[in-house]
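Structure record follows, encoded as structure tokens.
The values are calculated or read from the model by the stated rules, or taken from the named source; none is laboratory data. Remember, it's a predicted structure, so these values are computed and weren't measured experimentally. Please note: Cβ atoms are built from the backbone with ideal geometry, for glycine as well, and neighbour counts cover all protein chains shown.
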Amino acid sequence: MLKGRLGLEGARIPQMDRHGLMWLGRGNLTVHRGTLQFITAGYDDLPAGDYSIPYQMVSCFLLQPGTTVSHDVLRILARHGTGLAAVGQGGVKLYASMPFGPDTSARARKQAELWANPDRRTWVARRMYAWRLGEVLPAEDLNTLRGIEGSRVKKSYQRLAEQFGIQWHGRRYDRSDPEAADLPNQAINHASKAVQAAAMMSVAVSGAIPQLGFIHEASGIAFTLDVADLFRETVTLPIAFGAVRAFQKNSNGSLERLVRQLGGKTFRKEKVISRMIDRIKELLDGDDSSGDA
């Protein structure tokens, strides 16, 4: 009836992500007449222009480099419980974020309940390993499960390296001097950091507790590392080996930069953060620890 009223019909950034994640870059995010306004020079698949954003439909804004945000924006987002995170291009780093997440503690309480019960905690770990390895591991002891997983992952490294035409001599590097490692190991280190950043965003958005891991224990982001590991074979290693292959063809520039660029493209194209959120919800909301993983 009032098609195009106020000029908003063709001036909204399309929200393609059903989780309500909106990526913004190279522009200014402000408030105009009570509505979020984003003026951008253009990036990725969004042309330069002036856009109005229906922020009530967004669960979290991911601000990429070249973006500024006004005080009024922070005030409105905080009032409505909408999250905002400053991230690297494509989400390969997480620099800072406003407190956000669901307005209920149900998922966090469920995670704490599963974590606090040794039997249920092991069940969750077995389920996560089953997702990664494609089968339910027979062992019930967590240390045994870790040993089995380590052996399987070694084979994954070798198989994927062969697919990408990369010479692979094993996963080895000096933590005190990571740059001394060979190119594949350096690339895996960089890709792992990028995927961990994506996992940090997914844990925050879903309202889970990053410290309560089911496989990892000592780290302050133990559950984040659990989530990141679910994507090691399907996301982390392909990014790393793909970057090495490209770097070997044209060694101009930095391997780390190449990994970040490929990682950012992969995160956006394959909706990695959204898939991580789905896994977290499936793991913590769909508990059926009375049965097999």
Taking interchain pairs and intrachain pairs at least six residues apart, which have beta carbon atoms under 7 angstrom, with the first residue in segment 136-156 and under 16 Å from D119 (Cβ atoms) and the second not aliphatic (A, V, I, L, M) and not in a helix (DSSP H, G or I)? V136/D292
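Take the conditions modelled with pLDDT of 90 or more, over 22 Å from the mean Cα position of the chain (by Cα) and not assigned by TED's automatic domain parsing to the domain that holds Y43 and apply them to N143. Does it pass?
So N143 fails the test.
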Please pick out the residue among V244, V205 that is in contact with a Cys (Cβ under 7 Å, 6 or more places away or on another chain) and either on the phi > 0 side of the Ramachandran plot or assigned to a helix (DSSP H, G or I) (or both). V205
Kindly check whether there is at least one residue in segment 53-72 that is of a type in the set (G, A, S), more than 23 Å from the chain's Cα centre (by Cα) and either modelled with pLDDT of 90 or more or assigned to a loop (DSSP other than H, G, I, E, B) (or both). yes
Looking at V124, V195, V205, can you tell me which residue is among the aliphatic types (A, V, I, L, M), under 21 Å from the mean Cα position of the chain (by Cα) and at pLDDT 95 or above? V195
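Quick check: anything in segment 245-261 touching a His at 6+ places or on another chain (Cβ under 6 Å), touching a residue at least 60 places away in the same chain (Cβ under 8 Å) and of a type in the set (A, V, I, L, M)? Step through it out loud before you land on a result.
Start the filter on segment 245-261 by keeping residues that are touching a His at 6+ places or on another chain (Cβ under 6 Å), which leaves 256, 259.
Going one step further and asking which of them are touching a residue at least 60 places away in the same chain (Cβ under 8 Å), we end up with 256, 259.
This time we only want the ones that are of a type in the set (A, V, I, L, M), so: 259.
Within segment 245-261, one or more residues are touching a His at 6+ places or on another chain (Cβ under 6 Å), touching a residue at least 60 places away in the same chain (Cβ under 8 Å) and of a type in the set (A, V, I, L, M).
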How many residues of segment 52-90 are under 29 Å from V259 (Cβ atoms), of a type in the set (G, A, S) and touching a strand residue (DSSP E or B) at 6+ places or on another chain (Cβ under 6 Å)? The answer is 3
